[in-house]
Amino acid sequence: MAEGHLQKYFKRQATKNKVFWRKIAFEGQRGCPDILLLNNGRAVFVELKHPDGTGKLSELQKYQIAEMRAAGAVVHVINSKDEVDEVIKEIKK
């Protein structure tokens, strides 16, 4: 399964569970997570990586994610359908 297929699965699961889902970009910033989930006043950022394990975070992505987490953001790096399901379950709480 390619990263695009994982993204489609993620979108289907979010929609099915009535979780607001958007692909996002940070203007002028590289390395930031590319998906935003919103539900019940909670925001979660997600970076999807290739499911076969070849998709690794770049050093810039690691830095950006660490900065976001230090500022209090919830950020997940996901590379499987099971992880998608867990994040959807978490934000639905």
Q | Sequence-separation-based contact order of the chain, relative, with Cα cut under 8 Å and 6+ spacing, percent | A | 31
Q.
Please list log₁₀ I(q)/I(0) at q = 0.23 Å⁻¹ for the range 43-87, using the Debye equation with identical point scatterers on the alpha-carbon positions.
A. -0.83
Q. When the chain is modelled as a GNM with alpha-carbon springs shorter than 10 Å, which of Leu60, Leu37, Leu48 fluctuates the most?
A. Leu60
Q: Take every DSSP beta bridge with both residues inside the chain and express the antiparallel ones as a percent of the total, to the nearest 5.
A: 65
Q) On full extension of the chain, what length is gained from His5 through Arg30, given 0.36 nm per residue of separation minus the C-alpha to C-alpha distance? A) 6.7 nm
Q. What part of the accessible area of the chain, given as a whole %, is carbon or sulfur when the probe is 1.4 angstrom?
A. 51
Q | Residues of the range 1-54: accessible area per residue with a 1.4 Å probe, Å² | A | 61
**Q.** Low-density loop positions, chymotrypsin sites (Phe, Trp or Tyr not before Pro), the chain - DSSP coil, at most 13 other Cβ in 10 Å
**A.** Phe26
**Q.** Around Val74: net Lys/Arg minus Asp/Glu count, Cβ-Cβ under 11 Å
**A.** +1
**Q.** Neighbourhood net charge (12 Å Cβ-Cβ; Lys/Arg +1, Asp/Glu -1) for Leu38
**A.** +4
Q.
Which trypsin sites (Lys or Arg not before Pro) in the range 11-63 sit in a loop by DSSP (not H, G, I, E or B) and have at most 12 other Cβ atoms within 10 Å of their own Cβ?
A. Lys18, Arg30, Lys56
Q. Leaving out same-chain residues fewer than 8 places away, which aspartates and glutamates sit with a Cα under 17 Å from that of Lys92?
A. Asp82, Glu83
**Q.** Under the Karplus curve 6.51 cos²θ - 1.76 cosθ + 1.60, θ = phi - 60°, whole-Hz ³J(HN,Hα) for the range 64-76, x wherever Gly or Pro sits
**A.** 4, 5, 4, 5, 5, 5, 4, 7, x, 6, 9, 10, 10
Q) At 222 nm, what helix-only mean residue ellipticity would the chain give, in deg cm²/dmol to the nearest 500, using -39500 (n - 2.57) for each DSSP H run of four or more? A) -13000 deg cm²/dmol
Q: Compute the distribution of all C-alpha to C-alpha distances in the range 1-86, in bins of 10 Å from 0, and list the percent of pairs in each, rounded to whole numbers.
A: 17, 52, 29, 2
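The values are calculated or read from the model by the stated rules, or taken from the named source; none is laboratory data. On a predicted model such as this, the values are computed, not experimentally measured, just so you know. Methodologically, a virtual Cβ is constructed for each residue, glycine included, from the backbone with ideal geometry; neighbour enumeration extends over all protein chains shown. Remember, those area values only see protein heavy atoms, side chains included, never the ligands or the DNA or RNA. Shrake-Rupley method; radii C 1.70, N 1.55, O 1.52, S 1.80 Å.
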